[in-house]
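Below: the structure, in structure tokens.
The values are calculated or read from the model by the stated rules, or taken from the named source; none is laboratory data. Keep in mind it's a predicted model, so treat the numbers as computed, not measured. Cβ placement follows ideal geometry from the backbone for every residue including glycine, while neighbour counts extend to all protein chains displayed.
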Amino acid sequence: MSEHTFNPTRRKLMQGIGVTGLAAVAAPSFAGDRYAKDVQWHQSHDFVIIGSGFAALAAAIEAKRKGIQSVAIYEQMPTFGGNSSINGGLFAVPGSPMQKQEGVKDSVDRMVDDQLKSGRGIADEALLRHVAEHANEALQMTLDAGAEYLPYLQQLGGHSAPRTYQTTVACGAGITQPLYKEAVQLGVEMHSRCRMSGFIRGDQGEVLGVTVETRYYADRKVSEGETLAIRANKAVLVATGGFSQNINLRMAQDPTLTADVGCTNIKGATGEAMLEMFRLGAVPVHMAHIQSGPWASPDEGGFGYVSNYSIYNFPHSMAINRMTGKRFMNEIADRKTRADAQLANRDAQGNPVPPLMITHYHDADKHPNCQKVLKYGVGWKFDTLEALAKHFDVPLAPLKAQIEQYNGYVKSGVDEQFGKPMAKAKDKYIKAPYMVVRLWPKVHYCQGGVKINQLAQVEDSLTGQPIKGLLAAGEVAGGIHGVSRLGSCSIPECMVMGITAARTVAAGKA
């Protein structure tokens, strides 16, 4: 019996079992232990998709467009969209229509090079190139479904050109909701509160289906419904996201990521489906590379309002150490570089002193989250530098000198302190009134997961060959980004690999 399954007869069963028998009953049933010859199927579909975020929805839509008849999505949470729905809604695309409108020179090679640099030499160049080459197709899928984006591009940290679209609602729901409606309209079956608990295999080890616990309550980790055997006539796609909310698992990779460290992800981001794939023999890759978002705020839970506000404002803002009043980083360096720099902001006793991001209010207010940041008390507006310094106990003289120095870089277009690209800061000086938020990294993205190839097939650790009938896409797949992922690159990855998985199935290669 799974620890996740509720069974009112369990108490009576335990009364008659000794220690040895109890151990036998309590032992977990590994995925590989269940084979099709022992199974009575409850449901059957051509393409079974586990998860309901960007990758899952893109796969479902593309599968229907490719003529796959029966497509079903199983989601363990009560609502659809997964972690994607609360993601930042930032979508990097090289050679996009908006780049052409704005006269931005960019290319697949340039985007891949940016990501390889951020990946510190261990990113998967072939997969990054595959994603970049098909990112425009994924963007078009969202537009066809009705997604809406702001009429300008952003240049995020580590990107050498402005290539990032932002949804008008400043979150991933601006994409997942239109995709969900499109999938339903195309006839994709949607099942919520359904937790995948294992795989069902054929005699040759191929994946033929999954077991699903119904009426699942993630907050209590309890299933109060039946456990169903779901047949996948063509393939199973696992698109369940990362494991950042699994405290024990992430601490096994990085002991510093304790329960005290904040997280931007939904509670369902716990990685069980990934672990089931490891039990099948999938290759674990880059599990210890867990990324923290350097744009997060210690003053709100989860992703919050500050994150997207910060991402937009970093190019024309100044981040300072509160104890010195001076800058300490390139505000649009890659995520790991900035997160590490922020985490070094500590007092003599080692206690965190979250740094400040300072922006001219009239520039900050161009982002839709600015007024929400003020409304919910996670940002502050000051009419004078003296008031700002007093509120946060920042030494005034060094702060004044730093702002004067930084504004000189805005004027010259060259950051002589940290080498920040200043194109997006042109004519945007730090001056009154001032807008301020506090920064502190939160666990955001797991670079680790199962190894896949360019067809989204999951590779076997012993043979190096694809595990027949099994595909994976999105954050559950590891090794693509290397040490650190660039912001706005998860949506194209998830969607392109979801589309790729559907095409693999349609071509009979799963």
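Answer yes or no: is there a residue in region 396-407 that is outside the structural domain of residue 51 (by TED's automatic domain parsing), under 26 Å from residue 166 (Cα atoms), surrounded by fewer than 23 Cβ atoms within 10 Å (Cβ to Cβ) and not β-branched (Val, Ile, Thr).
So far as region 396-407 goes, no, none of its residues is outside the structural domain of residue 51 (by TED's automatic domain parsing), under 26 Å from residue 166 (Cα atoms), surrounded by fewer than 23 Cβ atoms within 10 Å (Cβ to Cβ) and not β-branched (Val, Ile, Thr).
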Is there a residue in region 67-81 that is part of a helix (DSSP H, G or I), acidic (Asp, Glu), in contact (Cβ under 8 Å) with a residue 24 or more places away in the chain and in the same structural domain as residue 477 (by TED's automatic domain parsing)? no
Evaluate region 421-431: report whether one residue or more is of a type in the set (A, V, I, L, M, F, W, C), more than 24 Å from residue 389 (Cα to Cα) and surrounded by fewer than 16 Cβ atoms within 10 Å (Cβ to Cβ). yes
Pick out the one residue from 206, 182, 224, 213 that is charged (D, E, K, R) and under 22 Å from residue 143 (Cα atoms). 182
Tally of residues being touching a Phe, Trp or Tyr at 6+ places or on another chain (Cβ under 7 Å) and closer than 21 Å to residue 334 by Cα across region 389-427: 4
Selected residue (only one of 474, 479, 469 is on the phi > 0 side of the Ramachandran plot, over 20 Å from the mean Cα position of the chain (by Cα), assigned by TED's automatic domain parsing to the domain that holds residue 265 and touching a residue at least 24 places away in the same chain (Cβ under 8 Å)): 469
Output the residue which, of all residues in region 98-113 that are free of Cβ contacts under 8 Å to residues at least 24 places away in the same chain and closer than 22 Å to residue 500 by Cβ, is surrounded by the fewest Cβ atoms within 10 Å (Cβ to Cβ). 109
For region 29-88, name all the residues that are of a type in the set (Ser, Thr, Tyr) and buried (at least 20 other Cβ atoms within 10 Å of the Cβ). 52, 74, 84, 85
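Take the residues in region 200-229 that are among the acidic types (Asp, Glu) and surrounded by fewer than 23 Cβ atoms within 10 Å (Cβ to Cβ), then tell me which one is modelled with the lowest pLDDT.
219
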Within the set of pairs 6+ apart or on separate chains, which have a first residue in region 191-204 that is outside the structural domain of residue 216 (by TED's automatic domain parsing), a second that is part of a strand (DSSP E or B) and among the aromatic types (Phe, Trp, Tyr), and C-beta atoms under 6 Å apart? none
I want to confirm something. Restricting to region 175-202 and keeping residues that are assigned to a helix (DSSP H, G or I) and within 19 Å of residue 471 (Cβ to Cβ), which single residue is farthest from the chain's Cα centre (by Cα)? 183
Odd one out for residue 124 among (1) of a type in the set (D, E, K, R); (2) under 21 Å from residue 242 (Cα atoms); (3) touching an Asp or Glu at 6+ places or on another chain (Cβ under 8 Å): (3)
Taking the options 135, 123, 161, name whichever one is within 18 Å of residue 473 (Cα to Cα), in the same structural domain as residue 451 (by TED's automatic domain parsing) and either part of a helix (DSSP H, G or I) or more than 19 Å from the chain's Cα centre (by Cα) (or both). 135
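Restricted to region 133-148, and to residues that are surrounded by fewer than 21 Cβ atoms within 10 Å (Cβ to Cβ) and without any contact (Cβ under 8 Å) to a residue 60 or more places away in the chain, which residue is nearest to residue 372 (Cα to Cα)? Talk me through it step by step, then tell me what you get.
Initially, region 133-148 is screened for residues surrounded by fewer than 21 Cβ atoms within 10 Å (Cβ to Cβ), giving 133-134, 136-137, 140, 143-146, 148.
In the following step, the residues that additionally are without any contact (Cβ under 8 Å) to a residue 60 or more places away in the chain were identified as 133, 136, 140, 143-144, 146, 148.
Details: 133: 36, 136: 32, 140: 30, 143: 27, 144: 30, 146: 25, 148: 20 Å.
It comes out as 148.
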Collect the residues in region 138-155 that are closer than 14 Å to residue 96 by Cβ and not in a helix (DSSP H, G or I), keeping them in residue-number order. 147, 149, 150, 151, 152, 153, 154, 155
Helices (runs of 4 or more DSSP H) contained entirely in region 343-393, each with at least 2 residues that are farther than 19 Å from residue 406 by Cα and not basic (Lys, Arg): 370-375, 385-392
Does region 230-248 hold any residues that are of a type outside the set (S, T, N, Q), crowded, with 20+ Cβ neighbours inside 10 Å and either modelled with pLDDT under 95 or closer than 22 Å to residue 268 by Cα (or both), and which are they? 230, 236, 237, 238, 239, 241, 242, 243
Could you count how many residues in region 49-70 are over 21 Å from the mean Cα position of the chain (by Cα), of a type in the set (A, V, I, L, M) and closer than 24 Å to residue 91 by Cβ? 1
Of these, 116, 156, 128, which one is within 22 Å of residue 264 (Cβ to Cβ), assigned by TED's automatic domain parsing to the domain that holds residue 47 and in contact (Cβ under 8 Å) with a residue 60 or more places away in the chain? 156
Of all the residues that make up region 468-483, how many are touching a helix residue (DSSP H, G or I) at 6+ places or on another chain (Cβ under 6 Å) and either farther than 17 Å from residue 279 by Cβ or not in a loop (DSSP other than H, G, I, E, B) (or both)? 4
I'd like to verify a number: residues in region 144-172 that are in contact with a strand residue (DSSP E or B) (Cβ under 8 Å, 6 or more places away or on another chain) and among the aliphatic types (A, V, I, L, M), how many? 4
Mind telling me which of the residues 339, 344, 333, 348 ends up being hydrophobic (A, V, I, L, M, F, W, C), exposed (fewer than 15 other Cβ atoms within 10 Å of the Cβ) and within 25 Å of the chain's Cα centre (by Cα)? 344
Looking only at residues in region 272-306 that are at pLDDT 95 or above and among the small types (Gly, Ala, Ser), which one is surrounded by the fewest Cβ atoms within 10 Å (Cβ to Cβ)? 288
